[in-house]
Structure formats: structure tokens, C-alpha cells
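The values are calculated or read from the model by the stated rules, or taken from the named source; none is laboratory data. Everything numeric in this text was worked out from a predicted model, so none of it was measured. Here the Cβ positions follow ideal geometry from the backbone for every residue, glycine too, while neighbour counts run over all protein chains shown. Accessible surface areas use protein heavy atoms only, side chains included; no ligands, DNA or RNA. Shrake-Rupley method; radii C 1.70, N 1.55, O 1.52, S 1.80 Å.
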Amino acid sequence: MERPVLAPIEESPSFKHKAYTALKNAIVAMDIYHSRDEIRLDERRLAQDFGISRTPVREAMAQLESEGFVRSVPRRGIYVVRKTKQEVIEMITAWAALESMAARLITQAATDDEIAGLREMFAAFIDGKLRAHLDEYSDANIEFHQTIIRLSKNHVLIDLAANLFTHMRMIRRTTIGEKDRADRSIKDHMAIIEALEARNTKRAEELVRDHALGLAEHVAKFADYLD
């Protein structure tokens, strides 16, 4: 049975926060959508792995449950949550709305250097190098979408997107190697960057929204493993 990869937590007054962050990062790093097996989290074992008491682990679990990452099943334990296909499609649709507004704001407020930084993320993946470095591209893809949100400089939008994106990055990592998603992704990203560089607000907003909705369409057609 798959288990999260954990490291001991250093002594600190903020055990709950450290346990929460470590557990969340470990769950995100797991490939939860490529297996149908349930992933159970054992509080006692987690506390032993961290080298702390069970109380902060239990508190961290409660916070993760409120955010939709784990679920508590009476008399059975705590399990990592896999979203259903419909839930994933709804999350992507909500993300499309947030990220397209972020793109609009970037054309109005971001500096030329900030936008240029988006192009630099993909310099290593041009000219046929994409397939050979798919894992690295997946990381760059995730960073790209995080940066789009951050460059909006709208703190409410950034906060709204934070937990949603954590769910999104798990499904993005799974889907990026399917069909021609990676090749289409980099083409979409280049078009988005060109629109941002041109300060073409309407086109940037539309391209970002269509890119996200393209992922929703892909999930609807091909992600039967989610159900």
C-alpha cells in the first residue's frame, strides 16, 4: 500500500503547522490518481515518522480534511481523498475563471521583466526536448500557472486560488503525459505569453481560459480512471 514519504519534524512550538505542511506536501507529491487502491494514513505511524506526539498530527489531519485532502471514516481511519471526474471538471472550470482574470490583471499591472520571466521557464523545452524531460516540464508547467496567479497582484484572488491549485496540480501532473497534452500545453503557453507581452488583455484572458477548459475537456473524455 502506498504511503506518503515523510521526514522527521524538528522540535518547534509550531508542531501542528509543520505537520500540516509536511503532510500536505507529501499528499501532493503522491501519484494518487494512477492507482485505485485506497491510501490510508495512520496517525500513530505518522507521529512516529515525524518524531512528535499524535496531537499535532491529529490537528493537522483535521485541517486537511476541512480543505478536502483527506476524509475520516468512522472505525476505519483517515484516507487520502481522490476527486471524482465531475469534481475535477468543476475545479478546473473554477480555476479557468480565476486564472483568466489573473491574465487580464497581468496585462494591466505586471512589469515587462515579470512577463519575460514566464518565457524563461520554457527555454529548456523548445526544439524537441519536451518528451525527454517530461518530469521537468511538468514542474515548469505547474510553476507557470502558479506564477500567472501570483503576477495578478490581487491578494484575494491569490488566496482563493491557493488550495484549489493544490488539488489542480495533482491532476495536472497525472494528465500531462497523456495523449498529446504536453505538446499542446507548451504551444498554448507560448501563445499566452505572446498575448501578455503584447498587453492584449482580451486575447490573454481568452487563451488562458480556453487552455484550462481544454484540460477539463481532456478529463471528461479520457480520465475514466477518476471514477
Heavy-atom accessible area per residue, the chain, 1.4 Å probe: how many Å²? 51 Å²
Per the C-alpha gyration tensor (a ≥ b ≥ c, the square roots of its eigenvalues), region 148-209 is rounded if a/c is under 1.5, else prolate if a/b beats b/c, else oblate; here it's oblate
Calculate the dipole size of the chain relative to its Cα centre from +1 charges on Lys and Arg beta carbons and -1 charges on Asp and Glu beta carbons; express the result in debye to the nearest 20. 680 debye
Show the residues, 5+ positions off or on another chain, whose built amide H is closer than 5 Å to the amide H of Glu67. none
Which three semi-axes in whole Å describe the equivalent ellipsoid of region 9-78, each the square root of 5 times a Cα gyration tensor eigenvalue, listed largest first? 20, 13, 11
Rounded, prolate or oblate: which fits region 68-173, taking a ≥ b ≥ c as square roots of the Cα gyration tensor eigenvalues, rounded meaning a/c under 1.5, else prolate when a/b beats b/c? oblate
Which label marks the calculated value of percent of Cα pairs over 25 Å apart, given the options [x] 38; [y] 51; [z] 46? [z]
Going through Lys16/Lys85; Lys24/Lys83; Lys153/Lys202; Lys24/Lys179 one by one, the pairs whose alpha carbons sit over 21 Å apart turn out to be Lys16/Lys85; Lys24/Lys179
Out of Met30, Ile115, Ile176 - ranked by how far each Cα lies towards the positive end of the dipole of the chain, with unit charges on the beta-carbon of charged residues - the top one is Met30
Give me the accessible area of Ser138, 1.4 Å probe, in Å² rounded to the nearest 10. 10 Å²
0 to 90° range, to nearest 10: angle between helix 201-222 axis and the chain longest Cα axis: 50 degrees
Longest span of the chain, sites excluded, free of GluC sites (Glu not before Pro) in DSSP loop with at most 12 other C-beta atoms within 10 Å? 12-177
Counting only protein heavy atoms and a 1.4 Å probe, tell me what percentage of the chain's accessible area is made up of carbon and sulfur. 49 percent
